[in-house]
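**Q** The structure that follows is given in the form of structure tokens.
Each value in this text was obtained by applying a stated rule to the coordinates, not by laboratory testing. No experiment lies behind these values; they were computed from the predicted model shown. No Cβ is skipped: glycine too gets one built from the backbone with ideal geometry, and neighbour counts run over all protein chains shown.
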Protein chains: 2
Amino acid sequence: MSFDPLHDIPLLRGPVPLTHLVLRHFVRSGDSAVDATCGNGNDTLLLAELVGPTGRVWAFDIQQEAMESTARNLAANGLPDRVTLVAQGHETLAGQVNTPLNAVVFNLGYLPGGDRGIITRPETTGAALEQALGLLAPGGIVALTVYPGHGGGDAERRLAEGWAAKLHAPLFHAWRMGQINVTADAPYVILVQKGA
Amino acid sequence: MSFDPLHDIPLLRGPVPLTHLVLRHFVRSGDSAVDATCGNGNDTLLLAELVGPTGRVWAFDIQQEAMESTARNLAANGLPDRVTLVAQGHETLAGQVNTPLNAVVFNLGYLPGGDRGIITRPETTGAALEQALGLLAPGGIVALTVYPGHGGGDAERRLAEGWAAKLHAPLFHAWRMGQINVTADAPYVILVQKGA
């Protein structure tokens, strides 16, 4: 999964490759990063590779299934040592982490392949986003993927866009990045960077 | 201006650093690229660096002032040999270039610091965008910056978004990337990638 800039042309089929492209630009060896919703652990794995042996990743999820899936994913790639798995909601972020963060990743909604009744909640996500902002290092980013196409999707969308739109520029650079030749309920990315 | 991924954290203050981040991901040594509106030559210069000594860049502009500024910029960086300057409108693209393109960059509107009465026109820009699509290599991109805040800005916006929204997915991945904590007339990026 390591990145060879001479041969690997990522296809921007959706939020996942876009977010990964952005993370590859902003997360460096020795960095500290958080996966606020680790799900199946794909973002956690990328972050663990990017921060290298001297960096640190914290991965949060409330579902045991997600924790186990992420742990397996990291073990299969020989990277469990640089990741702290936190089996709690991301609203406990500031209680768990007190180092400046270079990147924080959120994927809202439900666990892919898991119980669709268990979704991220605006109250806890909102608290976690504020804590993430407070922990960002200069130049650090929050990459948030919104999935409007499920039951709680409208509330998520309002939360995410309302939060980002209110951030003061240029203290924070806040972007909305969405595909415009797909259906209106397609997932999209909110990217916020702390100014330097 | 060369890019050191270990030390250079780009700040996403607006469309220019975002477009440059994307170009650094998608343009490789040996590639072919077009700057459809070379203006002061900053995008041309980045493309010339990225394609390397075995690649090729074509840079279009209808204004003599832009041609001269770009030529000076390239000469100052020792890179004029890999760039073909074309003192014609970008609607002549397909007549000038017949090689698959990895990237095509457009900046709509007027020349920064130049005559604001001379702007890109929807008819010629629309023709150039279609020609660019036809020339894209698999995985190749069109990066288009729209500046809604000038006299012709509304027409540009309609052209750019209408064009991108009609492209068939997944033959093309079409994105709109704009800041959401700035004024509504702030410039933004339309990014289109040809599927592989």
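**Q** Kindly point out which whole DSSP H helices in chain A project their C-alpha atoms 15 angstrom or further along the helix axis while averaging a Kyte-Doolittle hydropathy of 0.5 or above. Don't jump to the answer; show the numbers that get you there.
**A** Values: long enough: A:15-26 (16 Å, 0.65); A:64-76 (18 Å, -0.55); A:122-135 (19 Å, 0.18); A:153-165 (18 Å, -0.78).
Those that pass (Cα extent of 15 Å or more, hydropathy at least 0.5) are A:15-26.
**Q** I've got another one for you. Mind checking the mean number of beta-carbon atoms from other chains within 10 Å of the Cβ atoms in B:20-31?
**A** That average works out to 3.
**Q** In 10 Å bins starting at 0, how do the alpha-carbon pair distances of chain B split up by percent?
**A** 9, 38, 40, 13, 0
**Q** A further question follows. Determine, at each q value in 0.14, 0.22, 0.23 (inverse angstroms), the log₁₀ of I(q)/I(0) that the Debye formula gives when each Cα of region A:1-80 is one equal point scatterer.
**A** For region A:1-80 at q = 0.14, 0.22, 0.23 Å⁻¹, log10 I(q)/I(0) is -0.46, -1.08, -1.15.
**Q** Can I ask one more? So if I place +1 on the C-beta of Lys and Arg and -1 on the C-beta of Asp and Glu, and nothing else carries charge, what would the dipole magnitude of region A:1-147 be about its Cα centre? I want it in debye, nearest 20.
**A** Computed about the Cα centre, the dipole is about 180 debye.
**Q** A follow-up question, please. Counting partner chain Cβ atoms within 10 Å of every residue's Cβ in A:8-16, what's the average?
**A** Numbers: counts 2, 11, 4, 8, 13, 6, 4, 0, 0.
What the average comes to for A:8-16 is 5.
**Q** Between the label point of residue B:165 and that of the same position in each other copy, find the distances and list them shortest first in nm, with every label point placed 7 Å from Cα along the Cα-to-C-beta direction.
**A** Reported distances to equivalent positions: 1.8 nm.
**Q** Sticking with this structure for a sec: Restricting to the protein assembly as shown, compute how many DSSP beta bridges are antiparallel as a %, nearest 5. Spell out each step's value before the answer.
**A** Numbers: 31 of 65 bridges.
Just about 50 percent of them are antiparallel.
**Q** Using 1/(1 + (r/R0)^6) with R0 = 41 angstrom and r between the beta carbons of residue A:87 and residue B:167, what's the FRET efficiency to the nearest 0.05?
**A** It comes out at approximately 0.40.
**Q** Count, for each residue of A:166-173, the Cβ atoms from other chains sitting within 10 Å of its Cβ, then give me the mean as a whole number.
**A** 4
**Q** Rounded, prolate or oblate: which fits region B:45-140, taking a ≥ b ≥ c as square roots of the Cα gyration tensor eigenvalues, rounded meaning a/c under 1.5, else prolate when a/b beats b/c?
**A** Taking the square roots of the gyration eigenvalues as a ≥ b ≥ c, region B:45-140 is oblate.
**Q** Hey, what did region B:49-168 get for relative contact order, percent, Cα under 8 Å, at least 6 apart? Numbers along the way, then the final one.
**A** Values: 137 pairs, mean separation 28.2, N = 120.
Computed value for region B:49-168: 24 percent relative contact order.
**Q** Next up: Can you give me the distance in nm between label points at residue A:29 and residue A:116, each placed 7 Å from the Cα along the Cα-to-Cβ direction?
**A** 4.5
**Q** Over the protein assembly as shown, what number does the Rg to Rh ratio reach, with both radii from the alpha-carbon atoms and Rh per Kirkwood?
**A** When Rh is taken as the Kirkwood radius, the ratio is 0.98.
**Q** How much of the DSSP bridge set in region A:50-145 is antiparallel, in percent, rounded to the nearest 5?
**A** Bridges in region A:50-145 that DSSP calls antiparallel: roughly 10 percent.
**Q** Using only alpha carbon pairs under 8 Å that are at least six residues apart, calculate the relative contact order of region B:119-185 and give it in whole percent. Can you show the working numbers first?
**A** Values: 28 pairs, mean separation 19.5, N = 67.
Once normalised by length, the contact order is 29 percent.
**Q** Which whole-number percentage describes the relative contact order of region A:19-86, with Cα contacts under 8 Å and a sequence gap of 6 or more? Mind dumping the intermediate values first?
**A** Numbers: 121 pairs, mean separation 23.3, N = 68.
After rounding, I find 34 percent.
**Q** So what is the 222 nm mean residue ellipticity for chain B from helices alone, if each DSSP H run of at least 4 adds -39500 (n - 2.57) and you divide by all residues, rounding to the nearest 500 deg cm²/dmol?
**A** It comes out at -10000 deg cm²/dmol, rounded to the nearest 500.
**Q** Taking residue B:98 in one copy and the same position in all the others, each labelled 7 Å out along Cα→Cβ, what are the pairwise distances from the first, in nm, shortest first?
**A** 6.9
**Q** In whole Å, what is the distance between the alpha-carbon centres of region A:18-69 and region A:138-188?
**A** Computed from Cα coordinates, the inter-centre distance equals 19 Å.
**Q** Could you pull the copy-to-copy label distances for residue A:116, with points set 7 Å along Cα to Cβ, in nm to one decimal and sorted shortest first?
**A** In ascending order, 5.2 nm.
**Q** If I take the rotation axis that carries chain A onto chain B, which residue of chain A has the nearest beta-carbon, and at how many angstrom?
**A** So the chain A residue sitting closest to the axis is A:177, 2.
**Q** Once the piece of chain linking residue B:54 and residue B:184 is laid out straight, how much longer is it, given 0.36 nm per residue of separation minus the C-alpha distance between them?
**A** Full extension from residue B:54 to residue B:184 adds 42.7 nm.
**Q** Ordered by packing density, taken as the mean number of other Cβ atoms within 10 Å over each peptide's residues, highest first, how do B:109-118, A:160-169, B:144-153 rank?
**A** By packing density, highest mean first, the sequence is B:144-153, A:160-169, B:109-118.
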